[in-house]
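Asker: Please see the structure below; I have some questions.
The values are calculated or read from the model by the stated rules, or taken from the named source; none is laboratory data. Since this is a predicted model, take the numbers as computed values, not measurements. For neighbour counting, all protein chains shown are included, and Cβ atoms are generated from backbone atoms with ideal geometry for every residue, glycine included.
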């Protein structure tokens with residue numbers, strides 16, 4: 001019986017798992033979606049970090065947008081000199097858009113770009129009304145208390 005690795009299906013969601021969305025995104029997957037490479041790392045109980053390798057881009061050529069539960073990271077490279085001639089071109093600087101579906105409880109923190117790596121911090125923030133809480137169990141029988149005067 002063959003083993004199936006479903007971890008690629010989990011790579012573009014943070015904070016929740018909706019199988020139908022994952023399968024839909026996997027079916028629409030093409031080779032262009034492999035660029036740029038990225039990691040999603042769980043740093044703590046409620047902290048995550050997306051690290052994207054985008055060598056060759058300057059900070060001004062990158063945009064990070066959040067809209068309707070989707071984090072969109074896009075890069076648009078500046079036009080290059082037509083006079084440049086490459087014998088081998090291994091550093092891709094093509095435009096890209098990478099989308100991440102976020103749960104309602106995931107909030108975007110800071111973003112930093114250093115040494116060709118873009119790092120976006122995420123935090124899971126659960127509202128008080130959604131946190132688990134203990135409910136006191138009361139007895140249905142009335143309690144009988146003796147008055148101090150009766151005891152004397």
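Asker: I'd like the full set of residues that are surrounded by 11 or more Cβ atoms within 10 Å (Cβ to Cβ) and either touching a helix residue (DSSP H, G or I) at 6+ places or on another chain (Cβ under 6 Å) or farther than 14 Å from residue 35 by Cβ (or both), limited to the stretch 64-74.
Answerer: 64, 65, 66, 69, 70, 71, 72
Asker: Scan 55, 78, 92 and give me the residue that is assigned to a loop (DSSP other than H, G, I, E, B) and in contact with a helix residue (DSSP H, G or I) (Cβ under 9 Å, 6 or more places away or on another chain).
Answerer: 78
Asker: Those residues that are surrounded by 11 or more Cβ atoms within 10 Å (Cβ to Cβ) and modelled with pLDDT under 90, I need them from the stretch 37-56; list them, please.
Answerer: 46, 55, 56 - these are the residues of the stretch 37-56 that are surrounded by 11 or more Cβ atoms within 10 Å (Cβ to Cβ) and modelled with pLDDT under 90.
Asker: So, of the residues in the stretch 111-134 that are under 15 Å from the mean Cα position of the chain (by Cα) and either on the phi > 0 side of the Ramachandran plot or not in a loop (DSSP other than H, G, I, E, B) (or both), which turns out to be modelled with the lowest pLDDT?
Answerer: This residue is 124.
Asker: Let me ask you something else. If the requirement is being loosely packed, with under 10 Cβ neighbours inside 10 Å and either modelled with pLDDT of 90 or more or within 17 Å of residue 55 (Cβ to Cβ) (or both), which of these qualifies: 108, 91?
Answerer: Step by step, each of 108, 91 is checked, and only 91 is loosely packed, with under 10 Cβ neighbours inside 10 Å and either modelled with pLDDT of 90 or more or within 17 Å of residue 55 (Cβ to Cβ) (or both).
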